[in-house]
Each structure stands twice: as C-alpha cells, then as structure tokens.
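Okay, so here's the structure we're looking at.
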Amino acid sequence: MLGVNPETLVKFGAVSSQTAAEMVNGALAHSDADCAIAVTGIAGPDGGTAEKPVGTVFIAWAYKDRDVKVVQKKLTGNRHQIRRQTVKIALEGVEL
C-alpha cells in the first residue's frame, strides 16, 4: 500500500531516508489525508549493525502542498524507550 520501490529496499535498505520518503509519499498518495508520517528504524534489542546501530530511525513527513522532510535520529535506550522517543519526535514534527 505504501508503494516502496523494491529497488529502493535493495539499494538502500528498509531503514533509510529513501525508504522513509517513499513510505510517506505512498501513504499520502493512497489516502485522503493532507499530511502523513512514516517511520522506519531499528528499535532493538537486535538488528543493529555498525552502519545502522540500534536506535537509528528515519522519520518522514509529507504534506499535499510541500516537499517531503526526512530526519535521521540516533536514539538511545531499550526498545520501548526508542519507540516512545520516535513517536514523540514524529508527532512534534507535524506542522499545522
């Protein structure tokens, strides 16, 4: 439903700014919403790598009349804490 290009996943991985941007654009395109948020990341406790350690998240915002904004964050804590921080950042980033 989000329309992420399989080539994007192969080239950049599921946890990347490119994937987050395609996710948020797909969410916006396939809904009647005026804005959308997409998140991809590694909340742990496993799954991290040297390049993308646990706590790496990408958050994307899209609006029908603006360019997509994507940020990368390196968060700390356990899985629950990383997920809570991510949601807080994502919601605080919404521009009304």
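The values are calculated or read from the model by the stated rules, or taken from the named source; none is laboratory data. Values in this document were obtained by computation on a predicted structure and should not be read as measured data. Because the Cβ atoms are built from the backbone with ideal geometry, glycine has one as well, and the counts that use them run over all protein chains shown. For accessibility, only protein heavy atoms count, side chains too; no ligands or nucleic acids. Shrake-Rupley method; radii C 1.70, N 1.55, O 1.52, S 1.80 Å.
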**log10 of Debye I(q)/I(0), alpha-carbon scatterers only, for the chain at 0.12, 0.20 Å⁻¹** = -0.37, -0.96
**Complete:** Rounded to the nearest Å, the spacing of the alpha-carbon centers of the range 1-49 and the range 66-96 is 13 Å
**Request:** List, in order, the whole-Hz ³J(HN,Hα) value for each residue of the range 36-45 obtained from phi through the Karplus relation with A = 6.51, B = -1.76, C = 1.60 and θ = phi - 60°; use x for Gly and Pro.
**Result:** 8, 10, 9, 9, 9, x, 10, 8, x, x
**Prompt:** Taking only Cα atoms, what is the 0 to 90° angle, nearest 10, from helix 17-29's long axis to the longest principal axis of the chain?
**Reply:** 40 degrees
**Request:** Determine, for each peptide in 71-84, 27-40, the mean count of other beta carbons within 10 angstrom over its residues, then list the peptides with the highest first.
**Result:** 27-40, 71-84
**Item:** In degrees, nearest ten, helix 79-92 long axis to first principal axis of the chain (Cα)
**Value:** 30 degrees
**Prompt:** Which of the lysines could a cross-linker span from Lys88 if the Cα-Cα distance has to be under 22 Å and same-chain partners fewer than 8 positions apart are dropped?
**Reply:** Lys52, Lys69, Lys73, Lys74
**Asked** Measuring with a 1.4 Å probe in the full set of protein chains, what accessible area per residue, in whole Å², belongs to the chain?
**Response** 63 Å²
